[in-house]
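**Student:** If you scroll down you'll find the structure; I have some questions about it.
The values are calculated or read from the model by the stated rules, or taken from the named source; none is laboratory data. Since the model is a prediction, treat every value here as computed from it, not as a measurement. To get the accessible areas, we keep the full protein, side chains included, count just its heavy atoms, and leave off ligands, DNA and RNA. Shrake-Rupley method; radii C 1.70, N 1.55, O 1.52, S 1.80 Å.
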Amino acid sequence: MVTFDGFNELDSFIAAALINRCREDGLAAFITTPTPVVTSMNGVEVTGQRPMEFVTEADIVLIGSGVRAREVVADDQLLSRLPLDPTRQLIGAQCSGALVLARLGLLDSTPACTDMKSRPFVEACGVTVLDAPFHAEGNIATAGGCLASQYLATWVITRTLGEGAARDVIGYVAPVGENQETVERALRAVHAGEVVTS
């Protein structure tokens with residue numbers, strides 16, 4: 001879970017926490033940072049669990065969002081530390097994280113989801129932005145809106161461990177009395193937003 005200075009806690013922590021509920025099945029998420037400590041948009045300091053270079057080893061890379069996303073994409077040296085490979089990695093972006101994928105050239109022909117504030121900047125990169133919470137084509141996915149981070153996690157778990165594992169995780173964290181509704185909404189968002197490519 002790539003997490004930059006100025007990050008949005010909801011984006012990084014929700015996805016990481018949901019994925020980490022699958023540790024016993026061999027799926028684990030790590031907060032991965034460009035510096036040893038990053039500070040959230042609300043002043044929460046977090047020590048990275050892995051350095052940025054860990055992205056080259058990871059099977060799945062999710063890019064979180066934050067209030068400094070435009071500074072991130074303007075920093076060529078920082079972006080050079082993200083040599084992502086959609087032929088062997090699942091790659092996802094949350095909200096303004098779509099700017100990072102666009103800047104890396106990973107959304108050239110792929111529409112994306114992002115938040116309302118980031119939308120004009122993502123569109124300025126020539127990317128079509130969808131009015132949807134989640135979209136995936138092949139090994140690249142984007143989600144828009146902080147709470148859509150659950151959809152990125154659902155996609156990751158479904159793609160790696162199967163729908164049953166995703167149902168278990170989402171069902172466990174769902175609000176009491178809304179378990180089934182929450183599970184079905186998450187899976188519906190992922191299935192509706194996923195374009196199967198050959």
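**Student:** Write down the accessible area per residue of the range 69-198 in Å², having rolled a 1.4 Å probe over the full set of protein chains.
**Tutor:** For the range 69-198, the solvent-accessible area averages 47 Å² per residue.
**Student:** For the range 148-178 and the range 24-68, compute the distance between their C-alpha centroids and round to whole Å.
**Tutor:** Centre-to-centre distance over Cα atoms comes out at 20 Å.
**Student:** For the range 14-19, in order, what is each residue's ³J(HN,Hα) by Karplus, 6.51 cos²θ - 1.76 cosθ + 1.60 with θ = phi - 60°, in whole Hz (x at glycine and Pro)?
**Tutor:** 5, 4, 4, 5, 5, 5
**Student:** Continuing with this model, one more query. Keeping all protein chains in place and using 1.4 angstrom, which order do LEU161, LEU79 fall into by accessible surface area, from largest down?
**Tutor:** Correct descending sequence by accessible area is LEU161, LEU79.
**Student:** Using a 1.4 Å probe and counting only protein heavy atoms, arrange TYR172, TYR151 so the residue with the most accessible area comes first.
**Tutor:** Correct descending sequence by accessible area is TYR172, TYR151.
**Student:** In Å, what Rg and Dmax follow from the Cα atoms of the range 71-198?
**Tutor:** 14.9, 48
**Student:** Going by amide H atoms built from the backbone, whose H comes under 5 Å of the H on LEU62, apart from near neighbours?
**Tutor:** Residues meeting the criterion, in which the H sits 1.01 Å from N, are VAL2, GLY92.
**Student:** Right, next: Decide, for the range 42-113, between rounded, prolate and oblate: order the square roots of the alpha carbon gyration tensor eigenvalues as a ≥ b ≥ c, take rounded if a/c falls under 1.5, and otherwise choose prolate if a/b is larger than b/c, else oblate.
**Tutor:** oblate
**Student:** Additional query: Expressed as a whole percentage, what fraction of the accessible surface of the range 30-99 belongs to carbon and sulfur atoms when a 1.4 Å probe is rolled over the protein heavy atoms?
**Tutor:** 50
**Student:** Right, here's the next one. Per DSSP H run of at least 4 residues, take -39500 (n - 2.57); add these up for the chain, divide by its residues and hand me the 222 nm value, nearest 500 deg cm²/dmol.
**Tutor:** So the calculated ellipticity at 222 nm is -10500 deg cm²/dmol.
**Student:** Here is a follow-up. If I ignore ligands, DNA and RNA and count only protein heavy atoms, how much of GLU53 is accessible to a 1.4 Å probe, in Å² to the nearest 10?
**Tutor:** 90
**Student:** Next question. Taking amide H positions as placed 1.01 Å from N in the peptide plane, with prolines and chain starts having none, which residues 5 or more places from GLY6, or on another chain, fall under 5 Å of its amide H?
**Tutor:** THR39, SER40, MET41
**Student:** While we're here: Only Cα pairs within less than 10 Å get springs; with that Gaussian network setup on the chain, which residue of ASN42, ASN179, ASN20 has the largest fluctuation?
**Tutor:** ASN42
**Student:** Moving on. For the chain, what is the relative contact order in percent, using Cα pairs closer than 8 Å and at least 6 residues apart in sequence?
**Tutor:** Relative contact order comes out at 19 percent.
**Student:** Let me ask something else about it. Hey, what do the phi angles of the range 163-174 turn into as Karplus ³J(HN,Hα) couplings, whole Hz, using 6.51/-1.76/1.60 and θ = phi - 60°, x for Gly and Pro?
**Tutor:** 5, x, 5, 5, 4, 4, 5, 5, x, 6, 8, 5
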